[in-house]
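Any read-out appearing in this document is the output of simple, stated calculations on the displayed coordinates, not a laboratory observation. This is a predicted model, so every value here is computed, not measured. Cβ: placed from backbone, ideal geometry, glycine included. Neighbour counts: every protein chain shown.
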Amino acid sequence: MTRFLARRSVHSAFALVGLIVAVFFLARLTGDPTNLFLPLDASLETRKEFAHKHGFDRPAIEQFWSFVKDMSHGDLGYSLRKQRPAMELVLEAYPTTLKLAGATMVIAIALAIVIGALAAYRPGGVFDRISGIASLAGASAPDFWVAITGILIFSVSLRWLPTSGVGGFPYWIMPITVLALRPFGLLVQVVRSSMLSALASAYVKTARAKGVSERTVIFVHALRNACLSIVTVAGDLTVGLINGAVIVETVFGWPGVGKLMIDSVIQRDFPIVQASIMLTATAIFLLNIAIDLIYVALDPRIRHQ
Amino acid sequence: MPDNAAPLLEVADLKIEFRSGRETVYAVNGAGFSVRPGETAAILGESGSGKSVTASAIMRLLQCPPAFIAGGAIRFKGDDVLAMPLNQWRRRCGREIAMVFQDALAALNPVFTVGWQIAELFRAHGERSGKKAEARAVELLARVGIPDPVNRARDYPHQFSGGMRQRVMIAMAIALGPDLLIADEPTTALDVTVQAQIMDLLQDLQKEIGMAMILITHDLGVVADVADHVAVMYAGRVVERGKVRDVLGKPAHPYTLALLESVPQLQQNSQSLRPIVGSPPDMAAPPSGCAFHPRCRFATGECKVKLPPKVAVAPGRVAECHHAKSVFNGG
Amino acid sequence: MAQITAEQEAVAIRRGLSWWRLLLRDPIALVAALWLCLLALCVLAGPELFGKAATALNLRARNLPPGSIEHGWLMILGADTLGRSMLARLIVASRNTLSIALISVLVAMMIGGFLGLIAGYIGRTVGNVIMRLSDIIQSFPSLLLAVVVLYMLEPRVGNLIIVLAITRIPSYLRVTRAEVLEIRERVFVDAARALGGSRAHILFRHITPVVAPTLLTILTVDFAIVMLAESGLSFLGIGIQPPEITWGLMVAQGRNHLSQAWWLAFFPGLAIMFATLSANVLSNWLRIATDPVQRWRLEAPKGGDA
C-alpha cells in the first residue's frame, strides 16, 4: 500500500513540477516576455525598463532559480493592473470556485450513481435507452450555450432566476446545473458500464444464490465494486470541471478563479494568469493524492499489497 | 435412501438457448434427471455439454437475455421453480438450496471480508443482530476447517489460498443447512492434493446435515468415489442415467463407454486424457439426429436422421441411443 | 502471399457489409452517421455554395425571426443584425468548426499513437519518460492549458490546432501503449519475430491493425471533445478571431443580442450540440460494434425480452 501511494505521489509531483517548468520556459520561449506583462501598446522604453527591473535580460536559467526561490516564499508575482500580489487575488477567488465545484460534483455523482445503476439493471430497457440518450446529450451539450439558453429562458423570459452574480439559493441553481451536465453525463455512462460488468460477475451470482435481496445485490455487492472505477473517473472529471468552471463563472459572473483568469487573459495581466495556473496545479496535485487515498480505502487488494 | 422416495428436485425436458441476432446456441436440449433427499447425484460431461448452464438454471441465475428457457420444467419439493415469482424463489435460495461455484476467487466479492460475506447469509435470512451473525460466521469457518477463524473472518478473499477460499464458499453454502447443495466443479481450480480434502469435507458435511448434493464434474474418478446416481450429459442432453455403480460398470450409451475407455490412459502414466475421436459439437449448429453420431463407432444411418428414444435397458437405467441395448449387452 | 491477401480482402469486404447491416439495425446510430455525412458535405462545399448568401447584407431582413420563408428559404432560421442568412452562415462556419476539430484530433491520434507504439515497444525507460510527460498534460484541465498557451502565443488557427491536439495526445498514447504491451506477448508477434520480421514490420503490420479500431473509437469521442473545446475558446474570445467565423464565435456574438434576437446564439449552439451528440452516439456504437463480447447487444433481435 505504501509503495502504491508513494509511486502515485511521485507521479503526481512529477506532473506538478513539469507543469511549472513548462509554463516558465514557455513564457520565455515565446519571444519577449514583456509582451505578456505589459499592454501591447507599451513604449519601447517602458518595456526595456520593465525587462531590466524583472531580470528578463538575464540568462533563462538564472531567472528560473529566482522564480523558484520566489515561489517557495509564496511570491507568485505582482499584478500591475490591480496593484496587488497575484497570489492574494487568486487565493481570494479560490473558495468561490471550490464551493461551486464541490456542490456540483456531489450532485453529479449522486445522481449518476442512481441513474447509472438503474440503467444497468435492465440493459436495453426503456429506462436504459432514455437515460443513455439523456446522458449523452448532457455530455455533448456546449456548456456556454446551455448557460445562455438557460438565462434566456429562466431569467429573461420567465424571470424565475437571476441572470448572474452571487447570492442565495436561486443564484446557485443555473451555474450548478450547467456545470454538472458534463460530469453527470459521462459518469452515468461509467456507472452503467462498470455496474454492467459487476452485475455479470461471479460474486453477484453467489450473492443471488445466497438469497440476498436484489436491492442489496445492486446497491451493495455490485455498486461497491463499481465504485473503484467510478472514483477514478470522478477524479479526472473533477480536474475537467475547472474547464467548465471557467466558462460558467464567466457567463454567470461568479467571482471565482475561472473568471479571474479569463479576465486577466483579456486584460493581459500575466502574473495573475501564472498564479492561477500554479495554484490550480497544486490543487490538482492534492486532489490526486486524495483520490489515491480513497482508492486505497475502497480496494482491499491494494491495501494488502 | 429408498429409491421410491419423492424426488427433492426434478428437472424435466429442460431446454435453454442463448440467442444473439445472428445465431442461437442450443446449450441444453431436453435434459432430465431427478435427485432424492440425501442422495448424491453427479452430472458428468465435457465442458460445453450444458451441465453448468443447467445448474445456473436451477438456481435461476441465468442472465436473460441472452439466455432463454425454451421449455421444460424444474420442480423443487414439488413446486414449479420457473413459474415462481423470482423474489419468492430467492428467499428459498441459501436456506433450502445452495450452490458452490467453481472459481472461489471470482465467486467471492473482493471488497468485503470473508466474515461479512458469510454473516450476510444469516442477515439475509432473518438474523437481525449483526454481532450474532458475525459470531455464527466464525463458527462456520471453524466448522469447515479454517484455522484461527476469529482473525481469518476479518480477512479478504484474496488473502486466502485456493483451498481455503473454496472452504469459505462451502461454509457459505451450508450455513443454513440446505436440503440440496449444487456443487459446480468445486475442485477443478484446485491442486490435486487439495481436491481430495475438499471432496472429503463436502461428503462429511453432507452426512452431518443430511442434505442432497448435485455434483457437476467432468472427472469420472470423482463420480465413482462420491456419487450415488449419475446423469451423463452430451450436447445439452442427458444421454444416460442410472446408479453410478451400474452406469460405470456397464454403460449403455456409446459416449459413456468412450469416456470410460479414455480413463485407463491415466493409469498408464499418460499425462492427459486421450480425447474421444472428433471434437465436441458446435451447439449453434448441432448435428442432426443423435448429436453424438459423428464421433460414435456404433453409428448407423438411422442415427444421422432420427433423435434416439429413451431406452430403458434395465430397471432404473435409461439411455438415449438407438443401439442402447447392444451397447449395454457388450456390443 | 497473394492468396492470403485475397482471403484477407474477402474477410474485410464481408466485415464491411456486416458493419453496414449492424448500423442499419440501430436507428439512432444511423441518424448520427447520416448527420455527420451531411455536415461533411457542408464542410466540403458549403462556403463555395453559400459564401455569397452568408455575406450578403439584407437590411430589410435585419433580425428576421426564424420560421418564415418570405425572404427565401435561406432565411428559415432567421437573419442576424445585418440581415445575413443564419442558415448560410451556419453552413459556412461549419468548415472552420469541424475541420479544426478533425485536424486536431487526427494530429493527436498520429502523434499519440506513434508515441504509444514507441513507449510500449522500445523499452521501459523511454516508455516511462513518455508516460510521465503525458501525465503532465493529462493532469491539467485541457481548456486552461489551451487558454494559457494561446495567451502566450497568438490565437491563430494553426496555434489553436496545435494546442487542441496536444491536450488530446495522452488518451491515444495510453490506449496504444496498453494494447501494444498486451499484443507484444501474444503468439503471433513472436511468430512474426521468429520469421525474422523487422521491428518496423511488426509494429505496422501486426500491431497497428489491432490498435486501429480502438483508436478510431477514441477519435470519434475526441472529435466531440475538441469541438466543444474550440467552441468554448472561441466563445471566450481567445480562439478563432473575427472576421473568421465558427459556431462557438457565433454564439459569443449572438449573446450580445440575446433579448432581441435569441436565434443568433441559439442555432449555432444547437449545431454544436447536434454535431457532438452525433459523434458521441457513433463512438458508443463503434465501441460496442468493435467489441466481440458486447456485439450481441447490437445483433440481438428487437423485442426479444423474455
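Using +1 at the C-beta of Lys and Arg and -1 at the C-beta of Asp and Glu, which of A:G18, A:W65, A:H52 has the Cα lying farthest in the positive direction of the dipole of region A:2-72?
Value computed over the given set: A:G18.
Taking the Cβ of B:V168 as the center, what net charge do the other residues with Cβ under 12 Å away carry, scoring Lys and Arg +1 and Asp and Glu -1?
+3
Picking from B:Q117, B:Q203, B:Q88, which is most flexible by a Gaussian network model of chain B using Cα springs under 10 Å?
Looking only at B:Q117, B:Q203, B:Q88, the largest GNM fluctuation is found for B:Q88.
Between region A:195-214 and region B:151-217, how far is it from one alpha carbon centroid to the other, in angstrom?
Result: 19 Å between the Cα centres.
For region C:99-157 and region B:96-150, compute the distance between their C-alpha centroids and round to whole Å.
Cα centroid to Cα centroid, the span is 49 Å.
Using the charge dipole of the protein assembly as shown (Lys, Arg: +1 at Cβ; Asp, Glu: -1 at Cβ; taken about the Cα centre), state which of B:N329, A:I113, C:G127 has its Cα farthest towards the positive end.
Comparing the listed Cα positions along the dipole, B:N329 ranks first.
Could you list which residues have their amide H under 5 Å from that of B:T40, counting only those 5 or more apart in sequence or on another chain, with H placed in the peptide plane?
The list, which skips near neighbours in sequence, is B:M213, B:D228, B:H229.
If you place +1 on the Cβ of every Lys and Arg, -1 on the Cβ of every Asp and Glu, and leave all else neutral, what size is the dipole of chain A about its Cα centre, to the nearest 20 Debye?
I would put it at about 1240 debye.
Do me a favour and compute the ellipsoid semi-axes for region B:27-132 from its Cα gyration tensor, root of five times each eigenvalue, largest one first, whole Å.
Over the Cα atoms of region B:27-132, the ellipsoid semi-axes are 27, 18, 15 Å.
Quick one: helix A:60-72 against the long Cα principal axis of chain A, what's the angle to the nearest 10°, folded into 0 to 90?
60 degrees
Considering the alpha-carbon set of region A:94-304 alone, what are its Rg and its Dmax in angstrom?
19.6, 66
Ignore the peptide's own chain and count Cβ atoms of other chains within 10 Å of each Cβ in B:110-121; give me the average, rounded.
4
Tell me, what is the FRET efficiency for C:V157 and A:I61 to the nearest 0.05, using R0 = 30 angstrom and their Cβ-Cβ distance as r?
Efficiency for this residue pair is about 0.30.
So what's the net charge close to B:C290: Lys and Arg +1, Asp and Glu -1, counting the other residues with Cβ under 12 Å from its Cβ?
Once all neighbours under 12 Å are counted, the net charge is +2.
Taking the Cα centre of chain B as origin and charging only Cβ (+1 Lys, Arg; -1 Asp, Glu), how large is the dipole, in debye to the nearest 20?
520 debye
So how tilted is helix A:257-266 from the main axis of chain A? Cα-based, degrees 0 to 90, rounded to 10.
Long axis of A:257-266 versus the principal axis of chain A: about 40 degrees.
Please compute the Cα-Cα pair-distance distribution of region A:46-104 with 10 Å bins starting at 0, giving whole percents from short to long.
Histogram of Cα-Cα distances, whole percents per bin: 19, 36, 28, 13, 4.
Would you mind checking region B:71-90 for residues with the amide N under 16 Å from a putative spin-label position 7 Å along Cα→C-beta of B:K310?
B:71-75
Based on Cα coordinates alone, diagonalise the gyration tensor for the protein assembly as shown, multiply each eigenvalue by 5, take square roots, and list the semi-axes in whole Å, largest first.
Sorted largest first and rounded, they come to 63, 32, 28 Å.
What is the distance in Å between the Cα centroid of region B:60-76 and that of region B:293-324?
About 27 Å separates the Cα centre of region B:60-76 from the one of region B:293-324.
Kindly identify chain B as rounded, prolate or oblate by the Cα gyration tensor criterion: order the square roots of the eigenvalues as a ≥ b ≥ c, call it rounded if a/c is under 1.5, otherwise compare a/b with b/c, prolate if a/b is larger, else oblate.
Prolate, because a/c is 1.5 or more and a/b exceeds b/c.
Using the Karplus equation 6.51 cos²θ - 1.76 cosθ + 1.60 (θ = phi - 60°), what ³J(HN,Hα) coupling, rounded to whole Hz, does each residue of region B:84-97 give in order, writing x for Gly and Pro?
Once θ is set to phi - 60°, the couplings for region B:84-97 become 5, x, 4, 5, 5, 5, 4, 5, 8, 5, x, 8, 9, 9 Hz.
If only Cα atoms are counted, what is the Rg of region B:168-314, and what is its Dmax, in Å?
Answer for region B:168-314, Rg first and Dmax second: 17.5, 53 Å.
If you wrap a convex hull around the Cα atoms of region A:38-153, how much volume per residue is inside, in Å³?
Dividing the Cα hull volume of region A:38-153 by its residues yields 222 Å³.
Using the reciprocal of the averaged 1/r over all distinct C-alpha pairs, how large is the Kirkwood radius of region A:2-72 in Å?
Here the Kirkwood hydrodynamic radius works out to 14.2 Å.
Quick check: from the Cα gyration tensor, does region B:287-330 come out rounded (a/c under 1.5), prolate or oblate?
Since a/c reaches 1.5 and a/b is larger than b/c, the shape of region B:287-330 is classed as prolate.
Sort the following peptides by mean Cβ neighbour count (other Cβ atoms within 10 Å, averaged over residues), highest first: A:191-199, B:186-194, B:138-146, B:298-306.
The densest-packed peptide leads the list: A:191-199, B:138-146, B:186-194, B:298-306.
Assigning unit charges at the beta carbon (Lys, Arg +1; Asp, Glu -1) and nothing else, what dipole magnitude in debye, to the nearest 20, does the protein assembly as shown show about its Cα centre?
Result for the protein assembly as shown is approximately 660 debye, rounded to the nearest 20.
Skipping prolines and chain starts, which residues have an amide H placed within reach, meaning under 5 Å, of the one on B:V311, given they are 5 or more residues away or on another chain?
Long-range HN contacts for B:V311: B:A319, B:E320, B:C321.
With axes computed from alpha carbons, what is the tilt in degrees of helix A:44-53 against the longest principal axis of chain A, rounded to the nearest 10 within 0 to 90?
70 degrees
Once you list every other residue whose beta carbon is under 13 Å from the beta carbon of C:Q260, what net charge do they have if Lys and Arg are +1 and Asp and Glu are -1?
Taking every Cβ under 13 Å from that of C:Q260, the sum is +1.
From the square roots a ≥ b ≥ c of the eigenvalues of the alpha-carbon gyration tensor of region C:33-129, which class results: rounded (a/c under 1.5), prolate (a/b over b/c), or oblate?
Here region C:33-129 falls in the prolate category.
Could you point to the residue in A:G168, A:L136, A:N243 farthest towards the positive end of region A:94-304's charge dipole, with +1 and -1 charges on the Cβ of Lys/Arg and Asp/Glu respectively?
Ranked along the dipole, the leading option is A:L136.
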